[in-house]
Amino acid sequence: MLSLIRRYKVINTIGTLKITKLLSSTSTDDDIEFRVLQLMPPEKKIVSKRQQTVTEENILTKLRNEIPNQDWQTIWPAARSFHPDIVPFPLQQGYKNKEGVHPGKHGNAELLKIPNFLHLTPPIVKRHCEALKKFCTKWPEQLETDEACVKHFPVEVITSDYCYSSPTIREPLARIVSLRVKLSSLHLDTHAKDKILRLLGDRYNPETGMITIIADRCPTRKQNLDYAKYLLTALYHVSWRFEPWEMEKSAVDMEYYDWDKSKSRESLTSMYSWPSTPTDSSYEYIPHATEYKIAVSDLINKGEDLDSLNKYKQAVKSVLNLKFDDTVE
Amino acid sequence: MMSYTYSLFSRMCLRNGRRTIITAATKDVPDTSIPWFRILESNPAEHDESCLTRIYTIPSDITASLMSNMTLELRKQTEVFREIGILVRRPAVEIISYLEQTDFTKSINKYILYGIQGAGKTTSLLHLIHYGLVKRYIVLHLPWVQTWFRYPRDAVASPLEPDKIDLPESATKWLKYIKEINKVALSQLDLKTTKEYTWSQREITKSGDSLSNLIEFGIQRNKFACGVINALVDELKMASTAGKCRTLIVIDGFNAFTSSITHVKDENHTYVPPERISITSTFLSSVDYNWCNGAAILTVDKKANKDRKDSDYPTYLLGKKGFELLDPFLPICVESYSLDEFKTILEYYKDRKWIKNISDKGQKELELLSNKNPYQLWTLCKPLY
């Protein structure tokens, strides 16, 4: 028992204090030789509680004097619940008491409830890594930069692990797998790209160009990962396939305004060649038609604002061969 | 008691922003000298960039014919000021310059005036109508399309086209107006119909009849007024293409035609889209490219349609259908007053005794309150003495 306590002595000041008290009491017992008959009961000495309790201030000063150069890993080798006598620093947890002070670490159930990571302090983690290093393979030289990693390994799988102290180590959220891949890393032509975007819907982020597939319908992570991979494969191949009903796509279904197929082109050519009807659909012979084409496409594709409208106006003016000096502004 | 009544009355007047004509109207004294903010040139064809930010007056004979179909506020202003004074502004001058240089053997050009509410689109149109009348165009001016669709007095099934709705009362009124403003041009040009129109078993307009007679027939027989409008527009297009006359189509609030709904109800008491009203196709065909010797000047306005109210820009307000019909058109922005124009207009108001004794600080306040918006400025000046 004594030796056991001595092991902790250095850091465990309270333990030490207890021991010293114990020792002193035994020594007094040894000194008594005769029992004295006391006719009158001895006067009870009122000992102030304050003297007995060991304040944290005292412990701190003591600690500062005798901080050991001992290895923390040997003291706290694995995960365990909080112990106030082993942890060598003051801690406070819980609601403020009447004096407005948070309860200290001794006899504090709140500190016991929460999980701690005292077995994973940064130096210890570092030591773990050092120990594991001999099992690792060397990082490939070709993958030094982030760009190279993205180029060679475009698919990114994101899962979450959960760690807490509870009777079960299973966490339902850990099954969710999200698979991310850049659209540009897939080999697609115009049709396939259009189709894959329609199939993806809001799973595609046009700002970053990333496709995100989240699989969470299967009970385990492995199954979800397989499912996500299957989805990506299926998407890719379905996008390349040209179904017969896709021939029915009209101008309304177009994802952008195509001037060459629009009514605008038709009206320009027929207006220009009026009163005769245009013989062919070419527009190259009309002066400034290309400028006009760009202006109309911009106006409709990029949205209408003062800038695009003015551009359109200038284009129409050159097509209609009208001039006005726009010197103002 | 008397003074109390008077003060109450004057306060009411102030609150409503109304003013009796007596307080503001000026006497028609022939001016001997021209104030700096006016120009004498009353022929819009002569207006160019040197005339900008000056006010010119429309001659009284044209004013009288225009009066009935101006907006309420403009009519009030004309009554109080005893003249239509129009500020020569860039959009109107720009379109006049285009009209002067247009190659009239080609298909018609379309001009679309756009801008925020109250920026002066309608007033610019008045300037251009005056130009058209002076240059002996036949002016087909549709003052505000939404009045046809918004407050239909009578909507009846069309006797000529099945499944369409006629608005005979508005149509008759409009024919009267067209006859009034084109009095001179119609009498001088002597236009004839090119084909026979059969209205009913007994009523036939023969080929070779004059267009004035056609209009007169529409006014007399308001059942066929919408059909007459259709015939008139067709005839004018044909006459213009043949080079007999020049036609100026002026439509205010054109986007009402391309809106999705009107306030006109059919026999089932449901609101109908503009396509089901017979005059819509007439006026849409009037701005089509397939004729020459003419021009179409249109405005688009948020107020003119019910379903598109988010932006003032023409492509949005016209919608896909309207854009495809009108494209390529020339969008022309009507902006709020510039500082020079603002000063001119205040000077004009002072000259017309509409505002008096306004300090520099007051002018600055008006400028900030109205943000130099013409209509806002007019409203803000109403209760000022």
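Among residues belonging to region A:182-217 that are of a type outside the set (A, V, I, L, M) and under 15 Å from A:Thr233 (Cα atoms), point out the one that is modelled with the highest pLDDT.
Of region A:182-217, the ones of a type outside the set (A, V, I, L, M) are A:182, A:184-185, A:187, A:189-191, A:193-195, A:198, A:201-209, A:212, A:216-217.
From what's left, under 15 Å from A:Thr233 (Cα atoms): A:182, A:185, A:187, A:193, A:195, A:212.
Values: A:Lys182: 93, A:Ser185: 91, A:His187: 92, A:Lys193: 91, A:Lys195: 91, A:Thr212: 96.
Filtering region A:182-217 for residues that are of a type outside the set (A, V, I, L, M) and under 15 Å from A:Thr233 (Cα atoms), the one modelled with the highest pLDDT comes out as A:Thr212.
Out of curiosity, is B:Ser336 of a type outside the set (D, E, K, R) and within 14 Å of chain A (Cβ to nearest Cβ)?
yes
Tell me the residue from B:Ala295, B:Ala304 that is open to solvent by less than 10 Å² (accessible area, probe 1.4 Å), of a type in the set (Gly, Ala, Ser), under 19 Å from the mean Cα position of the chain (by Cα) and within 12 Å of chain A (Cβ to nearest Cβ), please.
Working: B:Ala304 fails: within 12 Å of chain A (Cβ to nearest Cβ).
Unique residue meeting the criteria: B:Ala295.
Does any residue in region A:317-329 that is more than 7 Å from every other protein chain (Cβ to nearest Cβ) and within 19 Å of B:Ile112 (Cβ to Cβ) come within less than 6 Å, Cβ to Cβ, of a residue that is outside any helix (DSSP H, G or I) and modelled with pLDDT under 85 six or more places away or on a different chain, and which pairs are these?
So the pair list comes out as A:Ser318/A:His288.
Hand me the list of helices (runs of 4 or more DSSP H) wholly inside region A:1-116 holding 2 or more residues that are at pLDDT below 85. Give the derivation first.
Working: elements: A:2-9, A:13-31, A:49-52, A:56-65, A:72-75, A:109-113.
The qualifying helices (runs of 4 or more DSSP H) are A:2-9, A:13-31, A:49-52, A:56-65.
Of (1) over 18 Å from B:Cys292 (Cα atoms); (2) in contact with a Cys (Cβ under 6 Å, 6 or more places away or on another chain), B:Asn222 satisfies all except one. Which?
(2) is the only condition that B:Asn222 fails.
Going through B:Lys309, B:Lys343, B:Lys382, B:Lys320 one at a time, which residue ends up being open to solvent by 50 Å² or more (accessible area, probe 1.4 Å) and either in contact (Cβ under 8 Å) with a residue 40 or more places away in the chain or within 19 Å of B:Gly120 (Cβ to Cβ) (or both)?
Values: B:Lys309 fails: either in contact (Cβ under 8 Å) with a residue 40 or more places away in the chain or within 19 Å of B:Gly120 (Cβ to Cβ) (or both); B:Lys382 fails: open to solvent by 50 Å² or more (accessible area, probe 1.4 Å); B:Lys320 fails: either in contact (Cβ under 8 Å) with a residue 40 or more places away in the chain or within 19 Å of B:Gly120 (Cβ to Cβ) (or both).
So the residue among B:Lys309, B:Lys343, B:Lys382, B:Lys320 that is open to solvent by 50 Å² or more (accessible area, probe 1.4 Å) and either in contact (Cβ under 8 Å) with a residue 40 or more places away in the chain or within 19 Å of B:Gly120 (Cβ to Cβ) (or both) is B:Lys343.
When you go through A:Ser297, A:Ser270 one by one, which is the residue that is in a helix (DSSP H, G or I), within 11 Å of another protein chain (Cβ to nearest Cβ) and of a type in the set (Gly, Ala, Ser)? Full working, then the answer.
Values: A:Ser297 fails: within 11 Å of another protein chain (Cβ to nearest Cβ).
Being in a helix (DSSP H, G or I), within 11 Å of another protein chain (Cβ to nearest Cβ) and of a type in the set (Gly, Ala, Ser) holds for just one of A:Ser297, A:Ser270, which is A:Ser270.
Any residue in region B:269-281 that is buried (at least 23 other Cβ atoms within 10 Å of the Cβ) and within 14 Å of chain A (Cβ to nearest Cβ)?
Taking every residue of region B:269-281 in turn, none turns out to be buried (at least 23 other Cβ atoms within 10 Å of the Cβ) and within 14 Å of chain A (Cβ to nearest Cβ).
Restricting to region B:329-371, count the residues that are more than 30 Å from B:Asn109 (Cβ to Cβ), assigned to a loop (DSSP other than H, G, I, E, B) and under 25 Å from the mean Cα position of the chain (by Cα).
Final tally of qualifying residues: 3.
Among the numbered conditions (1) polar (S, T, N, Q); (2) in contact with a helix residue (DSSP H, G or I) (Cβ under 7 Å, 6 or more places away or on another chain); (3) open to solvent by 10 Å² or more (accessible area, probe 1.4 Å); (4) more than 14 Å from chain A (Cβ to nearest Cβ), tell me where B:Thr315 comes up short.
Condition (4) is where B:Thr315 drops out.
Rundown of residues vs (1) open to solvent by 10 Å² or more (accessible area, probe 1.4 Å); (2) away from chain A (no Cβ under 11 Å), yes/no style:
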position: B:Leu66; (1), (2): no, yes
position: B:Ile96; (1), (2): no, no
position: B:Gly120; (1), (2): yes, yes
position: B:Thr123; (1), (2): yes, yes
position: B:Pro143; (1), (2): yes, yes
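Of B:Ile261, B:Ile219, which residue is in a loop (DSSP other than H, G, I, E, B), among the aliphatic types (A, V, I, L, M) and over 25 Å from B:Tyr111 (Cβ atoms)? Can you show your working first?
Numbers: B:Ile219 fails: in a loop (DSSP other than H, G, I, E, B).
That would be B:Ile261, the only listed residue that is in a loop (DSSP other than H, G, I, E, B), among the aliphatic types (A, V, I, L, M) and over 25 Å from B:Tyr111 (Cβ atoms).
Between a residue in region B:228-245 that is within 17 Å of B:Trp174 (Cα to Cα) and any residue that is assigned to a helix (DSSP H, G or I) and polar (S, T, N, Q), which pairs come within a Cβ distance under 6 Å, given they are 6 or more apart or on different chains?
Sorted first by the residue in region B:228-245, then by its partner, the pairs are B:Ile229/B:Thr282; B:Asn230/B:Thr282; B:Val233/B:Thr282; B:Val233/B:Ser286.
Consider A:Thr233 against the criteria (1) open to solvent by 40 Å² or more (accessible area, probe 1.4 Å); (2) in contact with a helix residue (DSSP H, G or I) (Cβ under 9 Å, 6 or more places away or on another chain): it satisfies all of them except one. Which criterion is unmet?
(2)
One residue is enough: does region B:82-91 have a residue meeting the conditions away from every other protein chain (no Cβ under 14 Å), closer than 30 Å to B:Asn222 by Cα, in contact with a helix residue (DSSP H, G or I) (Cβ under 8 Å, 6 or more places away or on another chain) and assigned to a loop (DSSP other than H, G, I, E, B)?
No: zero hits.
Which residue pairs have Cβ atoms closer than 6 Å, lie 6 or more positions apart in sequence or on different chains, and pair a first residue in region A:119-147 that is closer than 26 Å to A:Trp76 by Cβ with a second residue that is not polar (S, T, N, Q)?
A:His119/A:Trp76; A:His119/A:Ala78; A:His119/A:Ala79
Could you say whether any residue in region A:218-241 is in a helix (DSSP H, G or I) and under 30 Å from B:Val93 (Cα atoms)?
The first filter runs over region A:218-241 and keeps only residues in a helix (DSSP H, G or I), leaving A:221-240.
Okay, now just the ones that are also under 30 Å from B:Val93 (Cα atoms), so none.
No - not one qualifying residue is present in region A:218-241.
Out of (1) within 24 Å of the chain's Cα centre (by Cα); (2) modelled with pLDDT of 85 or more; (3) open to solvent by less than 10 Å² (accessible area, probe 1.4 Å), what's the single condition that is false for B:Ser285?
Among (1) within 24 Å of the chain's Cα centre (by Cα); (2) modelled with pLDDT of 85 or more; (3) open to solvent by less than 10 Å² (accessible area, probe 1.4 Å), B:Ser285 violates only (3).
Given the criteria closer than 24 Å to B:Tyr316 by Cα, facing another protein chain (nearest Cβ under 10 Å) and either assigned to a helix (DSSP H, G or I) or in contact (Cβ under 8 Å) with a residue 12 or more places away in the chain (or both), does A:Ser264 qualify? Before you say what the answer is, go through the steps one by one.
Values: closer than 24 Å to B:Tyr316 by Cα: yes; facing another protein chain (nearest Cβ under 10 Å): yes; either assigned to a helix (DSSP H, G or I) or in contact (Cβ under 8 Å) with a residue 12 or more places away in the chain (or both): yes.
Here the answer is yes, as A:Ser264 does meet what is asked.
Go through region A:101-126 residue by residue and tally those that are surrounded by 11 or more Cβ atoms within 10 Å (Cβ to Cβ) and either over 27 Å from A:Tyr164 (Cβ atoms) or touching a helix residue (DSSP H, G or I) at 6+ places or on another chain (Cβ under 7 Å) (or both).
Looking only at that region, the number is 4.
Which residues, taken from region B:98-118, are away from chain A (no Cβ under 11 Å) and outside any loop (DSSP other than H, G, I, E, B)?
B:Leu113
Among the residues of region B:43-64 satisfying the criterion of being open to solvent by 20 Å² or more (accessible area, probe 1.4 Å) and within 14 Å of chain A (Cβ to nearest Cβ), which is farthest from A:Phe324 (Cα to Cα)?
Of region B:43-64, the ones open to solvent by 20 Å² or more (accessible area, probe 1.4 Å) are B:43, B:45-46, B:48-50, B:52-54, B:57, B:59-62, B:64.
From the residues that got through so far, the ones that are within 14 Å of chain A (Cβ to nearest Cβ) too are B:48-50, B:52-53.
Numbers: B:Asp48: 11, B:Glu49: 10, B:Ser50: 14, B:Leu52: 14, B:Thr53: 18 Å.
For region B:43-64, the residue satisfying everything is B:Thr53.
Looking only at region A:153-168, how many residues end up being β-branched (Val, Ile, Thr) and free of Cβ contacts under 8 Å to residues at least 24 places away in the same chain? I'd like the intermediate steps shown before the answer.
Within region A:153-168, the first condition is being β-branched (Val, Ile, Thr), and the residues that meet it are A:155, A:157-159, A:168.
If we keep only those that are free of Cβ contacts under 8 Å to residues at least 24 places away in the same chain too, we end up with A:158, A:168.
Here the count works out to 2.
The values are calculated or read from the model by the stated rules, or taken from the named source; none is laboratory data. Treat the numbers as computed from the prediction; the structure is a model and nothing was measured. Glycine gets a Cβ as well: all are built from the backbone with ideal geometry, and neighbour counts include every protein chain shown. These accessible areas exclude ligands, DNA and RNA; they are computed on the full protein's heavy atoms, side chains included. Shrake-Rupley method; radii C 1.70, N 1.55, O 1.52, S 1.80 Å.
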